[in-house]
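Please treat every number below as a calculation from the coordinates, not as lab data. Keep in mind the model is a prediction, meaning the values are calculated, not measured. A quick note on method: Cβ atoms are made from the backbone with ideal geometry, for glycine too, and the neighbour counts reach across all protein chains shown.
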């Protein structure tokens, strides 16, 4: 197994998690590829960093800091090479759709460019005059488009930190949506219909317009009720009391998984401690770090003691 194999494992694993929309795991995998010990920049790391920036925006609304043990040299190189992605992230953090869309249009060519470097580096082909049928296409344009769309939801989420009740028109204005209808559509797309208190009420039911219906935002961070008749939205605290059987089953599953992970770590530690290779390397390291002569550990010689502490020549 070569270092490149590990980088590719984390890179492709991150791409799989992006496809499954498990962005937290995808971020972790890309981070491991970027922070791997290295003395030179790899094409795999460059691509992993590009996707790491976009996934971080989807998750947190900003580029997450890399682990402290990431090489400073690698980080400086990435900032220079992927500056367009970092500029896109800065536009996202302004919370302005116009600025973000302008940055997206400006960098669209980079997001969709054909990148041969990664494929040829991974497969040992020379980068000069590569065969035209071996092409690795960077498909970050779709991920970047998801980031642009997510800013609407991010702006709606920010409203809950300031307001308790807000009209659909005000939500549309603050989230920079075209109008109240679009704001309502976004809210309805963000809610989980399974949390409606009465399954007999449908969206077109007359009861819907005469009463409040409770909806839970899909990411679990927002809870709201919508008065369709008045066009008002009230943001609420989490109604979950964590006293159901489902909650206990989930908690029990996490405890079992944690216990199994602890047992696995203990087994690996014992296996390493009994490894002859590990013991030899630790012994050699201790000897190299010892500031004294090993002969001094045995104490004074018999001749030294027999002559009153005077060493014979």
Cα→Cβ-extended label distance, 7 Å offset, between residue 87 and residue 62, nm: 2.2
Please report 259, 276 as a ranked list, fewest other C-beta atoms within 10 angstrom at the top and most at the bottom. 276, 259
Sorted by packing (mean other beta-carbon atoms within 10 Å per residue), highest first, where do 22-35, 262-275 land? 22-35, 262-275
Sort 80-88, 277-285, 46-54 by packing, meaning the average of other beta carbons within 10 Å per residue, with the highest value first. 46-54, 80-88, 277-285
Gain in length, residue 161 to residue 75, computed as 0.36 nm per residue apart minus the alpha-carbon separation, to one decimal in nm? 27.6 nm
Label residue 276 and residue 176 with points 7 Å out from Cα along Cα→Cβ: what is the distance between them in nm? 6.6
Please give the contour-minus-distance gain from residue 38 to residue 247: 0.36 nm per residue of separation, less the Cα-Cα distance, rounded to one decimal in nm. 70.9 nm
The percentage of Cα-Cα pairs in the stretch 41-108 separated by more than 16 Å is 48
To the nearest 0.05, what FRET efficiency results for residue 98 and residue 268 with a Förster distance of 41 Å applied to their C-beta separation? 0.20
